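Take a look at the structure below.
The values are calculated or read from the model by the stated rules, or taken from the named source; none is laboratory data. The structure displayed is predicted, hence computed values, not measured ones. Counting neighbours? That spans all protein chains shown, and the Cβs are built from the backbone with ideal geometry, glycine included.
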Amino acid sequence: MPVLDLFPDSARIAQGELEVGGLRASELAREFGTPLVVYCEQTLRARARAYRQAAPNALVVFGSKAFPNLAVLELFAEEGIGVDVSTLGELEAARRAGIGGERIVCHGNNKSDEELRAAAEANVLYTVLDAPDEVERAAAAGIKRALIRVAPGIEVNTHEAIQTAHRGSKFGLTPEQTVEAVRLGSSLGMEMAGLHIHLGSQLLDLAAPRMLLDWLAGFVAVCRTELAWAPAVVDVGGGLGIRYTEDEQAPSIADWIGDLENRLERDFATHGLPQPGLIIEPGRSLVAEAGFTLYAVGVVKEPAEGPPWVAIDGGYSDNPRPLFYGARYEALLANRADEPSDRSYTICGKHCDAGDVLVRHIALPAPRRGDLLAVPDTGAYTLSMASNYNLLPRPAAVLVSGGKARLIRRRETLDDLFGLDVP
Ligand code: LLP
C-alpha cells in the first residue's frame, strides 16, 4: 500500500482497513465521529526521542503553534521537551500543561506589554526580542534574559508565506540593529544571552541551514569585535519539513540535527569563537506525521467536465493549508484500503467556497457515501489553524496507543459556537 508510509508509525492495513495504534478507522469513527484528528502516541514519542537523541545537549522546545494541545504538551514534557510560545494563549497552554519557565522560550513579532510582563512573571528561560523597541519595553516589563532574533537575509526554498529570514521579513532585527540591541539590552541590565534565527518552515533540504550557520559564525565574529560579546546560546528555530506526498523527500531528524551541530562546531571553531549552547524549536516535524484526519464521504458526483468530486464532512475550516500554502496531501480510503483504485478524484469540503479543495488528482477505489477517507500528515497546523467558517464545529482529536483511544480535544458543539454571541 504505497501511501501507508505517510501515516503514523503504527499504521497498518488489517483485513482491508486502516489501523493505527491498534484501532481500526471504523471503530474510531464510530466512537468519536468524524471529522476526527487521530494522533499516534508511538509516533509522537519517537519523534521527540529522535530530537533528544540527536541533540542530547541541546534544549528542544516544541513550536507549540503546530498543535498547542495540553495532552501533547504534557507528553512532550515527559520526553524532556519544552515549549516555544508566541502569545498569551500559548504561554497559558504551557502553564496549564505544568511546564516550568525554565523550559519555555517566548516569541512574538509584536509582543504587547502585557505579553512581556507575563513572560517575566512566568520567568521564562528566554524572551526572544523581535524589534528594536522591544529592548527597552522588555527591560521595563522585568525580562531578565533575552535573545535577539536576527534576520540574516537568507531566502529559503519554501512557500513564501512561511519564509521568515529574508531581508524584507517582518521578523527579526537587521544585523546592524542586532548589534545595537545587544548593547542597549546589556546597558539596561538584561542578560543578553544570545541570538535566535528561524529560517522558515517546511524546509526539505540542508542547504539553507548550512548557509545560515556559515553566516552566523561570521556575524558573531563581527559582534565579538564590535561589542566584545559572543552569544552564550544560539537558538536556530524550527523548520525541518516532512513528506506530505509520495514524491517528496525530507531529511531525517538525525541528519538534520547532525548536520546542523557539525556545521555549528566547525564554523565557530574556524572563527576562533567559543561554542554556544544550542536551542532548537521543531514544530511540524514533531507532530505532523503523528496525526491524520478521518472524514466521512458524503456526496460523490460527476461534473460536466473534469474529475468526479468526492465531498467530505469537513473542509478548509479544519485544514486551511491547501488554500493558504498550496499544500498537497495524499489520501486513503480507510475502510477499503486494499481495493485497487479505479480513477482519479478531487476531494472537496462542505464549505460555500469553490476554493474548498483538500486533495486534487487522487486515485481511489470508487468512493461511496459512508466510506471513510483518511488524510495523512495532518498533525501540524491544521486543528491549530481551524476556523468555524459556515458555523462548522471544529473536529475532535484522539490519542491512540495499544488498542486504546483517549480523547485529547472534544468536538465542538453547536452550543460552543454561540458561546460568544450576545443576542
Ligand atoms: N520557531 C519559530 C520562531 C517559529 O515561528 C516556528 C514556526 C517554529 C519555531 C516551528 O517551525 P516548524 O518546525 O514547524 O517549521 N502555518 C504554516 C507554518 C507556520 C510556521 C510558523 N512558525 C503551515 O501550515 O505550513
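State yes or no: is V182 over 29 Å from L75 (Cα atoms), touching a Gly at 6+ places or on another chain (Cβ under 7 Å) and either buried (at least 23 other Cβ atoms within 10 Å of the Cβ) or among the charged types (D, E, K, R) (or both)? No, not satisfied.
Quick one: which of A334, A327 is among the aliphatic types (A, V, I, L, M), within 16 Å of the ligand (Cβ to nearest atom) and within 29 Å of the chain's Cα centre (by Cα)? None of the others qualify; the one that does is A327. In the set (1) modelled with pLDDT of 95 or more; (2) away from the ligand (no atom under 16 Å from the Cβ); (3) on the phi < 0 side of the Ramachandran plot, N109 fails one condition alone, (2).
Please find, within region 46-65, the residue that is nearest to R263 (Cα to Cα) out of those that are in contact (Cβ under 8 Å) with a residue 40 or more places away in the chain and in a helix (DSSP H, G or I). Working first, answer last.
Start the filter on region 46-65 by keeping residues that are in contact (Cβ under 8 Å) with a residue 40 or more places away in the chain, which leaves 47-48, 50-51, 53-55, 57-65.
Remaining after also requiring in a helix (DSSP H, G or I): 47-48, 50-51, 53-54, 64-65.
Working: R47: 22, A48: 22, A50: 19, Y51: 17, Q53: 18, A54: 14, S64: 27, K65: 28 Å.
Looking at residues that are in contact (Cβ under 8 Å) with a residue 40 or more places away in the chain and in a helix (DSSP H, G or I), I get A54.
Residues of region 206-225 include at least one that is surrounded by fewer than 17 Cβ atoms within 10 Å (Cβ to Cβ) and among the hydroxyl-bearing types (S, T, Y).
Restricted to region 242-348, the set of strands (runs of 3 or more DSSP E) holding at least 1 residues that are touching a residue at least 60 places away in the same chain (Cβ under 8 Å) and surrounded by fewer than 15 Cβ atoms within 10 Å (Cβ to Cβ) comprises 277-280, 291-301.
Among the residues of region 87-123, those identified as touching a residue at least 12 places away in the same chain (Cβ under 8 Å), surrounded by 14 or more Cβ atoms within 10 Å (Cβ to Cβ) and charged (D, E, K, R) are E90, R95, R103, K111, E115, R117.
Is it true that some residue in region 399-419 is without any contact (Cβ under 8 Å) to a residue 24 or more places away in the chain and hydroxyl-bearing (S, T, Y)? For region 399-419, residues without any contact (Cβ under 8 Å) to a residue 24 or more places away in the chain and hydroxyl-bearing (S, T, Y): present.
When you look at E176, is it more than 16 Å from the ligand (Cβ to nearest atom), more than 18 Å from D235 (Cβ to Cβ), assigned to a helix (DSSP H, G or I) and without any contact (Cβ under 8 Å) to a residue 40 or more places away in the chain, yes or no? I'd like the intermediate steps shown before the answer.
Working: more than 16 Å from the ligand (Cβ to nearest atom): yes; more than 18 Å from D235 (Cβ to Cβ): yes; assigned to a helix (DSSP H, G or I): yes; without any contact (Cβ under 8 Å) to a residue 40 or more places away in the chain: yes.
Spelling it out, E176 is indeed more than 16 Å from the ligand (Cβ to nearest atom), more than 18 Å from D235 (Cβ to Cβ), assigned to a helix (DSSP H, G or I) and without any contact (Cβ under 8 Å) to a residue 40 or more places away in the chain.
The condition of being part of a loop (DSSP other than H, G, I, E, B), more than 18 Å from V60 (Cβ to Cβ) and assigned by TED's automatic domain parsing to the domain that holds A138 holds for only one of G185, G238, G189, that being G189. Name the single residue that is nearest to D235 (Cα to Cα) among those in region 112-134 being part of a helix (DSSP H, G or I) and of a type outside the set (A, V, I, L, M, F, W, C). That would be E134. Scanning region 48-98 for residues that are more than 21 Å from R410 (Cα to Cα) and more than 15 Å from the ligand (Cβ to nearest atom) yields R49, R52, Q53, P56, N57, A77, E78, E79, G80, L88.
Going through region 349-358 one residue at a time, which ones are assigned to a strand (DSSP E or B) and either more than 16 Å from the ligand (Cβ to nearest atom) or in the same structural domain as I162 (by TED's automatic domain parsing) (or both)? Within region 349-358, just V357 meets the criteria.
So, I408, is that one within 21 Å of the chain's Cα centre (by Cα) and assigned to a strand (DSSP E or B) or not? Judged against the criteria, I408 is a match. State whether one or more residues within region 140-161 are in a helix (DSSP H, G or I) and crowded, with 20+ Cβ neighbours inside 10 Å. Within region 140-161, one or more residues are in a helix (DSSP H, G or I) and crowded, with 20+ Cβ neighbours inside 10 Å.
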